[in-house]
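What follows is a single structure, written as structure tokens, with notes after it.
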């Protein structure tokens, strides 16, 4: 099984994340930030990656940042050498008034382009800048190219949720084992 657990403790946060890439989409999350819990649950459900996550933090920003770094690290480690995976994934996800797109390359080169078109200062209890930072930190720690953008939408909650679902569907494709693939999915012979 492709599973991994990450524990991270700083003066600001204490984070524990467990992932199972071959899971059923189960989520057991407790971050003390309800909208972050909602995003993580949606990510697990639609990627079919089981995610167990907890964070105790001093500030919402630190909790979001360190949780997403821990999640990215756990996913990265669970992928190992990346032999036999599909590597790429892309998806579109609607959420009522919103439409989001995501594309992922699990290439071990961190890069992100995030454009969620969030207009307000918060979505529920989470600052919008921290929602963007969640995706950015996840991409960095995962060591992946992650592009997520919202095409349109009038409700910030729906835009953020559509973006999370699009990312989840992209990850589901990218982490999948390809029975025809021998070795790493790269013409260079190494990722």
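The values are calculated or read from the model by the stated rules, or taken from the named source; none is laboratory data. Keep in mind the model is a prediction, meaning the values are calculated, not measured. Reconstructed Cβ throughout: ideal geometry from the backbone, glycine too, with neighbour counts over all protein chains shown.
Structural remarks
- For segment 18-95, the strands (runs of 3 or more DSSP E) that sit wholly inside it and include 3 or more residues that are at pLDDT 95 or above and more than 15 Å from residue 173 (Cα to Cα) are 27-30, 50-57.
- Filtered by the rule that a residue be touching a helix residue (DSSP H, G or I) at 6+ places or on another chain (Cβ under 9 Å) and either closer than 23 Å to residue 170 by Cα or surrounded by fewer than 20 Cβ atoms within 10 Å (Cβ to Cβ) (or both), segment 2-17 gives 2, 3, 4, 5, 6, 7, 8, 10, 12, 14, 16, 17.
- Selection of segment 4-51 for residues being in contact (Cβ under 8 Å) with a residue 60 or more places away in the chain and closer than 22 Å to residue 124 by Cα yields 33, 34, 35, 36, 38, 39, 42, 43, 44, 45, 46.
- Residue that is farthest from the chain's Cα centre (by Cα) [pool: residues in segment 96-131 that are part of a helix (DSSP H, G or I) and buried (at least 19 other Cβ atoms within 10 Å of the Cβ)]: 130
- Pair list, Cβ under 7 Å, 6 or more apart: segment 139-156 residue over 16 Å from residue 102 (Cα atoms), other residue in a strand (DSSP E or B) and at pLDDT 95 or above: 155/98; 156/123
- Any hit, segment 167-185, residues being over 14 Å from the mean Cα position of the chain (by Cα), closer than 20 Å to residue 47 by Cβ and surrounded by 19 or more Cβ atoms within 10 Å (Cβ to Cβ): yes
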